[in-house]
Amino acid sequence: MNSELRKIVDYLLLKSPFLQDIGLFHGKMGVAVALYAYAYRYHDNLIKEYAWDLFQQVYDGVHVDMPIGLEYGLSGIGYGTTLLFGLGYVECDLNAILCDIDVKIMERDPRRITDFSLRSGAGGIQLYLTLRQKVGGPLLTFDNLNTFLLEYEHQIMALKLEE
């Protein structure tokens, strides 16, 4: 095992209890993803259990007033969860566990979005939804995901044409 990698893991283990952010880029979801990857690569059940605890802390901290973006918000938590499921690191019913997140995303009218960035806007939402389609099987939490995604793509293209 790489000693530098182990130092990173030790650092994450020490710092993660003090993280206030639960998001993917700077918070507990990102740490959980990293620790799961390490645990499965090196067959470390203790780290796997710790990653599971972090994963649960993320879901204990989710609230409806969170930002919707990939970096700090609901799309990032949905993306991290879907990624962990797709890699076989967690077993869950994605439609059940991501239902509230998906409902909050559907509340955002794609035709009204002005932020198209990956970190905080439509780009990150689209990335999450695309991964959900590929990994999660049928998406029961969206009224009509294809229409929703097409509206996102149409709005993004319309903005590019205006530039």
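The values are calculated or read from the model by the stated rules, or taken from the named source; none is laboratory data. Since this is a predicted model, take the numbers as computed values, not measurements. Note that each Cβ is placed from the backbone with ideal geometry, even for glycine, and that neighbours are counted across all protein chains shown. All accessible areas refer to the heavy atoms of the entire protein, side chains included, with ligands and DNA or RNA removed. Shrake-Rupley method; radii C 1.70, N 1.55, O 1.52, S 1.80 Å.
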Fill in the blank from the handout: Checked segment 116-128 for anything touching a residue at least 40 places away in the same chain (Cβ under 8 Å) and either open to solvent by less than 40 Å² (accessible area, probe 1.4 Å) or within 21 Å of Val64 (Cβ to Cβ) (or both); matches are Arg119, Ser120, Gly121, Gly123, Gly124, Ile125, Tyr128
Problem - segment 50-84, residues that are buried (at least 18 other Cβ atoms within 10 Å of the Cβ), without any contact (Cβ under 8 Å) to a residue 40 or more places away in the chain and of a type in the set (Gly, Ala, Ser) - result: Ala51
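Inside segment 35-49, can you point out the residues that are within 12 Å of Leu87 (Cα to Cα) and open to solvent by 10 Å² or more (accessible area, probe 1.4 Å)? Spell out how you get there, then give the answer.
Narrowing segment 35-49 to residues within 12 Å of Leu87 (Cα to Cα): 36-37, 40-41.
Across segment 35-49, the qualifying residues are Ala37, Tyr40, Arg41.
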Handout entry: Within segment 85-103, tally of residues that are surrounded by fewer than 19 Cβ atoms within 10 Å (Cβ to Cβ), over 15 Å from Gln133 (Cβ atoms) and not aliphatic (A, V, I, L, M)
Key = 6
